[in-house]
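J.: My structure is below; once you've seen it, I'll send some questions.
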Protein chains: 2
Amino acid sequence: MTPALTTQQSAFERTELIRALSAPKGFGDLTLRDRRPDAIELLGGIPAPELLPTTELAEAITRVLEKPGAPALQYGRTEGLPQLRELIAARENVPVERVLITNGGFHGLSLAIHLVVERGGLVAVDNPIFPLFMRGLELSAARIHPITVGELGLDLDELESWLVAGARPVALYTVPDFHNPSQATLPSAQRVRLVQLAERYDFVVFADNPYRELRFTGEPAEVSAFHDSEHVIHINTFTKTLGPGLRLGWVVLPERFVSDAVALRSRQDSHTSLLVQAGIAELLATSEGYFDEVLDRARPVYARRARTLADALEQHAADALSVTVPEGGFFLWPRITDDAIDADQLAADASAEGIEYQRGSFFRSGPDHGSSRHLRLSFGDTPEEKLIEAAKRLARAIDRQRG
Amino acid sequence: MTPALTTQQSAFERTELIRALSAPKGFGDLTLRDRRPDAIELLGGIPAPELLPTTELAEAITRVLEKPGAPALQYGRTEGLPQLRELIAARENVPVERVLITNGGFHGLSLAIHLVVERGGLVAVDNPIFPLFMRGLELSAARIHPITVGELGLDLDELESWLVAGARPVALYTVPDFHNPSQATLPSAQRVRLVQLAERYDFVVFADNPYRELRFTGEPAEVSAFHDSEHVIHINTFTKTLGPGLRLGWVVLPERFVSDAVALRSRQDSHTSLLVQAGIAELLATSEGYFDEVLDRARPVYARRARTLADALEQHAADALSVTVPEGGFFLWPRITDDAIDADQLAADASAEGIEYQRGSFFRSGPDHGSSRHLRLSFGDTPEEKLIEAAKRLARAIDRQRG
């Protein structure tokens, strides 16, 4: 073999699809690398492992694997396991035909991109944004237009002005509940307005909703506006509630996209692991209201962690950081109030002090409306005593710049 | 919401990617539909459920889920779980960096297509062919050129003539071991020649190898030619040995494709279910040589099934069908020797008699060199007594046309 290899080296032309994919940098580097045992890492939207129902899941999978003929090890339907789709459809209050099982939330996003965004298409996105979505958009070499996300969520006045001025995006990406990174939740009335804009200007809203079940205070915002429209793909996942490693999620699709989504999915990887689907369907059927019990155990833990970290920052760094306690989700998004502090230097000093977080500048999708003066602190998988220690280390990092 | 919906109906323009995807017909319809309990179904390349190590897998997953911090439920690396990649790399005798974990064999194919085949690109393919690969090629709206697969596998003379005449495909798709549907295995020397052609004419061989571990007679053909070249992507899966429902496979990639494959995969669904990866890695580590024990239990069962079905066809339909006993894999590919028999009518009559199979015409990728005079009978998941009954039913179906 070897002689032939050396006689002609391939020119190796990448496909157009692949050429549009950038090398990882910034955000993803930190999230996806190996963990650093000596540091307190507040990096990713990671659930607390001790809240995941591991024992019950092992039992559920064991029951599933005891079934005659091992149906969980056989081929399944591209749309997903009927029992699991039915459980989800009942919870979402949509017809089961509109529920498509995915390999987690990001997979739902990539399917939505392929379905809706023509190559080079224009997509409006959150600013600040969950940065990996911009990487996903590279699948369609999309152009992006940032829309500001403020304390009340996506700025629909800004969006509408842009549309009225003639912009015609094919899609809009937003995280409506407990925005990543900036905590805000889009109020129910604004959801109705967003969907009306999507219908009037004929774009599709990608409503990316991984944190919605993890509200610890206040009233939930409605998702019915998303489900009542042909202009919304609602992307959901069990990642934050049952574990990222499952790679299990779902999308609620408008009817018009269902057959295309199935056609695409059947050419990707046929279907999501039936062992995982059947195991989770069995787990959720453990008892009436089982999933709610799992959530009810989780929410107060995350509430305490959010409060603990916010209080500790208040105690140790109130003169440098402004903190808002979130109503749900996994993130604090403190703002650096002391103009003398350099944000990048702070991240470097924090790392030296033994605390890792995502710097706000990673989350910009366009003009910087202050994102780079924020820190994103993920508290989901960190116990309270470590969160207090993290706040102390962050305070020491701040002090380094003050000399 | 409803008023806005009715004021403007969306034009709903599909993306170019989606427009290239055809509606399912023929082959896939039968494989993916619900099973028919009253019939004997010899439809899909499905392993025998009783050979899958269900109990051991449940125990392995239980052990995995007992680990502190539940690492199998956390995020993982896009390339795959290190322990699993190392097990596979050792078995394949390649550096671990070249092993990428996938959601099963079809997923490996779709990744290879995206990596190598530019939209509208030219791809040489088996004729007859595993039909779902042609559906996969729709992801790149590829043009196909059929190369005959005969009793000794892919016809390399035909391929070389075509290349010498000036054809410049970007890829070639073939099933080298126990060809689906036509049983043949490409001999080792021909593999070397195929790879030399790929290197000389600068195309990439997609060597799709789901059945390679299931040889029951004869000497294995070498895969080292595939692994020693920058011009082969070797696509593998645990589907036929540990279960399709896992959706777990791997590709052995040339180094030049590794980073692109990871970049693509990270934008699709991040990584394969870590629960599945960790469960299978734990299962395979049950004992030294555990996977070989699983295979050693499986091979004689499939050998007996192949022989039993071939013998029963010989006994009941020798005047209408010519049968070759395969050396491995899950398929018989009998030829209808009686010219008076209409093949489509036979399939319909067989269905009426209570036996379902795939008709040979589904497997054509170009000129019909006799495929439509064949039947593909899958025997993997059917016990011997049912295979004998299947042969009798098929004989009755043949008799229907003879009046």
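J.: Averaged across B:104-111, how many Cβ atoms of other chains sit within 10 Å of each residue's Cβ atom?
T.: Per-residue shielding by partner chains comes out at 4.
J.: What figure, in Å² to the nearest 10, do you get for the accessible area of A:ARG168 with a 1.4 Å probe and non-protein molecules left out?
T.: Its accessible surface works out to 130 Å², give or take rounding.
J.: Here's another thing I want to ask about it. Return a whole-number percent for the relative contact order of chain B, with Cα pairs under 8 Å and 6 or more residues apart as the contact set.
T.: Numbers: 735 pairs, mean separation 90.3, N = 403.
Averaging sequence separation for qualifying contacts and normalising by length gives 22 percent for chain B.
J.: Once both labels are modelled 7 Å past Cα along the beta-carbon direction, what's the A:ASP339-B:ARG36 spacing in nm?
T.: Label at A:ASP339, label at B:ARG36, 7.9 nm between them.
J.: Which value, in Å² rounded to 10, gives the accessible area of A:LEU152 with a 1.4 Å probe and all protein chains present?
T.: Near enough 130 Å² of accessible area.
J.: May I ask for the Rg/Rh ratio of region A:99-164, computed from Cα atoms with Rh as the Kirkwood radius, given to two decimals?
T.: On the way: Rg = 13.0 Å, Rh = 12.9 Å.
Result for region A:99-164 is an Rg/Rh of 1.01.
J.: Using 10 Å bins from zero, what percent of all Cα-Cα pairs in region B:189-266 falls into each bin?
T.: Going from the shortest bin to the longest, the percentages are 17, 43, 33, 8, 0.
J.: What 222 nm value per residue comes from the helices of chain A, counting each DSSP H run with n ≥ 4 as -39,500 (n - 2.57) and dividing by all residues, nearest 500 deg cm²/dmol? Working shown, then result.
T.: Details: 16 runs with 172 residues, N = 403.
Calculated mean residue ellipticity at 222 nm is -13000 deg cm²/dmol.
J.: Using alpha carbons only, how many angstrom separate the centre of region B:143-193 from the centre of region B:365-384?
T.: Cα centroid of region B:143-193 versus Cα centroid of region B:365-384: 19 Å apart.
J.: Put simply, what bits of region B:194-215 lose 30 Å² or more of accessible area when the other protein chains are there, versus the chain on its own (1.4 Å probe)?
T.: B:GLU199, B:ASP202
J.: Next question. Which of the trypsin sites (Lys or Arg not before Pro) across region B:106-167 are loop residues per DSSP, with 14 or fewer other Cβ within 10 Å? Walk me through the intermediate numbers first.
T.: Numbers: sites: B:ARG119, B:ARG135, B:ARG143; in loops: B:ARG119.
Answer by residue number: there is no such site.
J.: Computed over the Cα atoms of the protein assembly as shown, what is the ratio Rg over Rh, Rh following Kirkwood? Show your work: numbers first, answer last.
T.: Details: Rg = 27.8 Å, Rh = 28.0 Å.
Ratio of gyration radius to Kirkwood radius: 0.99.
J.: How much area per residue is accessible in region A:40-103 when the probe is 1.4 Å and only protein heavy atoms are counted (Å²)?
T.: Ligands and nucleic acids excluded, the result is 39 Å² per residue.
J.: Identify the chymotrypsin sites (Phe, Trp or Tyr not before Pro) of region B:104-178 meeting these criteria: DSSP loop state and at most 16 other C-beta atoms within 10 Å of the C-beta.
T.: Loop-located and lightly packed - none at all.
J.: Moving on to the next point. So, with +1 on the Cβ of K and R and -1 on the Cβ of D and E, and no other charges, what is the size of the charge dipole of region A:71-284 about its Cα centre, to the nearest 20 debye?
T.: Approximately 560 debye in magnitude.
J.: Buried accessible area between B and A (1.4 Å probe, both chains summed, ligands and nucleic acids excluded), in Å² to the nearest 100?
T.: Working: alone 18060 and 18100 Å², together 29150 Å².
The B and A chains share an interface burying roughly 7000 Å².
J.: With the Cα gyration tensor of region A:46-148 giving a ≥ b ≥ c as the square roots of its eigenvalues, does the rule (a/c under 1.5 for rounded; else a/b larger than b/c for prolate; else oblate) give rounded, prolate or oblate?
T.: The shape class here is prolate.
J.: Now for a different question. Stick to the Cα atoms of chain B, pair each with every other, and give me the Kirkwood hydrodynamic radius in Å at one decimal. Could you put the intermediate results ahead of the total?
T.: Values: mean 1/r = 0.0445 Å⁻¹.
Kirkwood hydrodynamic radius for chain B: 22.5 Å.
J.: Then there's this: Round to the nearest 10 and report in Å² the accessible area of A:TYR75, as given by a 1.4 Å probe over the protein chains' heavy atoms.
T.: 80
J.: If you don't mind, another one. Whole number in Å², please: accessible area per residue of region A:209-338, 1.4 Å probe, ligands, DNA and RNA not counted. Provide the component values of the computation, followed by the final result.
T.: Working: 3980 Å² over 130 residues.
I get 31 Å² per residue for this part.
J.: Which order do A:GLU213, A:GLU92, A:GLU293 take when ranked by solvent-accessible area (1.4 Å probe, heavy atoms of all protein chains), largest first? Don't jump to the answer; show the numbers that get you there.
T.: Numbers: A:GLU213 45, A:GLU92 15, A:GLU293 85 Å².
Largest to smallest exposure gives the sequence A:GLU293, A:GLU213, A:GLU92.
J.: For region B:68-284, what number results from the quotient of the Cα radius of gyration and 2.2 N^0.38 Å? Mind dumping the intermediate values first?
T.: On the way: Rg = 16.9 Å, N = 217, 2.2 N^0.38 = 17.0 Å.
Scaled against compact globular proteins, the figure is 1.00.
J.: Under the definition of partner shielding as Cβ atoms of other protein chains within 10 Å of a residue Cβ, what is the mean value for peptide A:59-68? Mind showing how you got there, number by number?
T.: Working: counts 3, 0, 7, 7, 1, 3, 10, 3, 2, 2.
Mean partner-chain Cβ count within 10 Å for A:59-68: 4.
J.: Let me ask something else. Using a Gaussian network model of chain A with C-alpha springs under 10 Å, which one of A:LEU264, A:LEU81, A:LEU375 is most mobile by mean-square fluctuation?
T.: A:LEU264
J.: What's the percent breakdown of Cα-Cα distances in region A:197-320 across 10 Å bins, shortest bin first?
T.: 10, 29, 32, 19, 8, 1
J.: Total Lys pairs in the protein assembly as shown closer than 30 Å by alpha-carbon, pairs eight or more apart in sequence or interchain only?
T.: 17
J.: Further question on the same structure: Using +1 on the beta carbon of Lys and Arg, -1 on that of Asp and Glu, and nothing else charged, what's the dipole of chain B about the Cα centre, debye to 20? If you can, show how the numbers build up before the last one.
T.: On the way: 42 positive and 56 negative charges, 177 e Å.
Roughly 860 debye for chain B.
J.: Next question. Residue-wise, which Karplus ³J(HN,Hα) couplings in Hz belong to region A:216-224, taking 6.51 cos²θ - 1.76 cosθ + 1.60, θ = phi - 60°, and x for glycine or proline?
T.: These are the phi-based 3J(HN,Hα) values: 10, 9, x, 8, x, 7, 6, 10, 4 Hz.
J.: If you wrap region A:141-182's Cα atoms in a convex hull and average its projection over all directions, what's the area in nm²? Intermediate results must be reported in sequence, preceding the final value.
T.: Numbers: hull surface 13.7 nm².
The orientation-averaged projected area of the Cα hull of region A:141-182 comes to 3.4 nm².
J.: Let me ask another. Quick one: with all protein chains in place, what share of the accessible area of chain A is carbon or sulfur, to the nearest percent (1.4 Å probe)?
T.: Its accessible area is 50 percent carbon and sulfur atoms.
J.: Can you give me the long-range amide H partners of B:ILE40? Hydrogens built in the peptide plane at 1.01 Å from N, cutoff under 5 Å, separation of 5 or more residues or another chain.
T.: Excluding prolines and chain starts, which carry no amide H, the hits are B:ILE355, B:GLU356.
J.: Let me ask another. Please work out the Cα center distance from region A:68-120 to region B:295-343, rounded to the nearest Å.
T.: A separation of 38 Å, based on Cα centres.
The values are calculated or read from the model by the stated rules, or taken from the named source; none is laboratory data. Here the structure is a predicted model, which is why all the values come from computation and not from measurement. Methodologically, a virtual Cβ is constructed for each residue, glycine included, from the backbone with ideal geometry; neighbour enumeration extends over all protein chains shown. Heavy atoms of the whole protein, side chains included, go into the accessibility calculation; ligands, DNA and RNA do not. Shrake-Rupley method; radii C 1.70, N 1.55, O 1.52, S 1.80 Å.
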